[in-house]
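Asks: Please see the structure below; I have some questions.
The values are calculated or read from the model by the stated rules, or taken from the named source; none is laboratory data. Model, not experiment: these values are computed from the prediction. Because the Cβ atoms are built from the backbone with ideal geometry, glycine has one as well, and the counts that use them run over all protein chains shown. Heads up: the accessible areas ignore ligands, DNA and RNA and are worked out on the full protein's heavy atoms, side chains in. Shrake-Rupley method; radii C 1.70, N 1.55, O 1.52, S 1.80 Å.
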Amino acid sequence: MTPSPRRIVSIFAWLVGTVLAIVAGASSATSLVEFTESERYFIESHGPWPPPVVVDPGNRFSGDPRAVELGERLFSDVRLAAVEGMACEFCHRRDRAFTDGLVVGVGRQVLARNTPTLFNLAYNRWFGWDGAADSLWAQSIRPIIAQAEMNADAGIVRRLFETDPIYRTALSGMLEIPVGELGDDAVLALAGKLLAAFQETLVTPRTPFDEFRDALLSADMARAARYPLAAQRGLKLFTGEGQCSLCHFGPSFTNGEFANIGISHMIPNDGVDRGRLAGMRKLKESVFNLTGPFNDDVTRANAVGTRQLRFRHTAFGEFRVPGLRGVAATAPYMHNGSLATLEEVVRHYSELDMDRLHVHGGQILRPLHLSDEQIGDLVAFLESLGATPPGNTSQSGQVIEKQQYDGHAEQ
Ligand code: HEC
Ligand code: HEC
């Protein structure tokens, strides 16, 4: 029996389909790097993005649009400082992804550390390079009263809140007692909480990496293949042989904890930066830490980490693992701004001086001795994490409580 014309057409269609599939398979094979199980695990950990919006139970104004607006106003208000022309924005510039582009911050004096970006802070557990604060609102108080920075005090903040009609009117609708009757520390905590409510809204946008990750997970190989090969190879190094993902873990590319990667802790003309060791002490002594009276979480569940903190000698010279989203826009790098470009950063890891590492970092880190091509690949990958557009603020997704967000892995 001869096949019917319909059957011939369908065989022909099947043949064409098969050939097309083979061609597509071959082309995606040439434009997709292969990842091991473990590399895929880490790639998956670096999303989804954007993450859910989190509400900080320690800050009663977290997520309150009135507070976000007042916080944004305070952020650029020079009257919050006792230094001519100074405001948060002076160092955390919107047009520079909320950094200043300098090696170290400059206030009334040259500071010891590099000014970090303020993006994606809602997902952090510790704040500052040494984790001297355990909440975003407490961290936001420090520069207001630091003599080397804004050099203000509670009196200046209170006067601003009482005399400016915008703050006065808005706050009278938000507080049970007038600002004038709050104690000094309560006034500072209020300012910190308003500033934090604003900063929590700063989230970096989706990046080419996120497109790739999602495509890979949904096995959409054609879409995945749009991610440049150099970035794919860099991602393979990052999640594989380079072991970068062990510390730069999770959606924000940080496990939220501290490590020593052999960056000098000498401060020019000013001794030694003890890093996390000093940060723990400052945190324990601060009246604004989460075990204190200004934590708005009545359950105190958010204070467990601070209460359980133990001094470790290995904390000397450790600094917080920075998140890496938008990292191409925040040069120079490291707590002391000592590395000018991403290439210098990758070369640092490639040629690590093991003598400068303490045991802790040494357990993971070893010199990678990368070729120039591999260095280029890792840089291409880091660049694919986005160069955050100026002052971009975006939020989406459902709102959850901060404790429920498990983007960080315990070390
Ligand atoms: C003179 C420059 C300067 C000014 C002004 C300044 N900052 Fe900073 N900021 C820095 C530096 C430097 C650091 C790093 C400090 C450290 O780790 O010890 C920092 C750290 C931070 C952090 C921690 C970020 C992180 O990744 O943990 C936050 C939040 C912050 N600043 C918010 C503010 C707010 C809010 C204001 C205004 C009230 C402000 N800053 C004013 C220079 C400045
Ligand atoms: C042992 C944990 C650890 C590992 C592994 C690790 N990092 Fe880091 N990374 C850190 C810490 C901690 C810092 C900040 C150090 C400092 O400022 O002194 C940092 C800083 C950085 C920075 C600078 C970010 C900024 O904003 O200043 C980049 C980029 C970076 N790492 C990329 C990588 C890459 C690429 C790898 C893999 C080759 C890697 N890291 C492996 C812990 C780690």
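Asks: Condition check: near ligand 1 (Cβ under 10 Å from one of its atoms), over 19 Å from residue 72 (Cα atoms) and in the same structural domain as residue 106 (by TED's automatic domain parsing). Does residue 138 satisfy that?
Replies: Spelling it out, it is not the case that residue 138 is near ligand 1 (Cβ under 10 Å from one of its atoms), over 19 Å from residue 72 (Cα atoms) and in the same structural domain as residue 106 (by TED's automatic domain parsing).
Asks: Also, quick follow-up: Kindly establish whether residue 138 is over 16 Å from the mean Cα position of the chain (by Cα), farther than 16 Å from residue 334 by Cα and among the aliphatic types (A, V, I, L, M).
Replies: Considered against the rule, which asks whether it is over 16 Å from the mean Cα position of the chain (by Cα), farther than 16 Å from residue 334 by Cα and among the aliphatic types (A, V, I, L, M), residue 138 comes out as yes.
Asks: What are the pairs, 6+ residues apart or on separate chains, where a residue within region 141-158 that is assigned to a helix (DSSP H, G or I) has its Cβ under 6 Å from a residue that is within 11 Å of ligand 1 (Cβ to nearest atom) and open to solvent by less than 40 Å² (accessible area, probe 1.4 Å)?
Replies: Going by the 6 Å Cβ cut-off, the qualifying pairs are 141/188; 141/192; 143/149; 143/150; 144/150; 144/152; 154/188; 157/191.
Asks: Select from region 349-382 the residues that are among the β-branched types (Val, Ile, Thr) and modelled with pLDDT under 90 and write down the one among them that is most open to solvent (accessible area, probe 1.4 Å).
Replies: So the residue we want is 359.
Asks: In addition: Show me the helices (runs of 4 or more DSSP H) entirely contained within region 165-231 in which 3 or more residues are under 24 Å from the mean Cα position of the chain (by Cα) and at pLDDT 95 or above.
Replies: Per the criteria, 184-199, 208-217.
Asks: Taking region 241-296 as the search range and keeping residues that are within 23 Å of the chain's Cα centre (by Cα) and β-branched (Val, Ile, Thr), which one is surrounded by the fewest Cβ atoms within 10 Å (Cβ to Cβ)?
Replies: 263
Asks: Now for a different question. For residues that are open to solvent by less than 70 Å² (accessible area, probe 1.4 Å) and under 15 Å from residue 143 (Cβ atoms), tally how many sit in region 79-110.
Replies: Matching residues across region 79-110 total 18.
Asks: Quickly run through region 254-273 and pick out the residues that are among the hydroxyl-bearing types (Ser, Thr, Tyr) and under 13 Å from residue 317 (Cβ atoms).
Replies: Correct list: 264 only.
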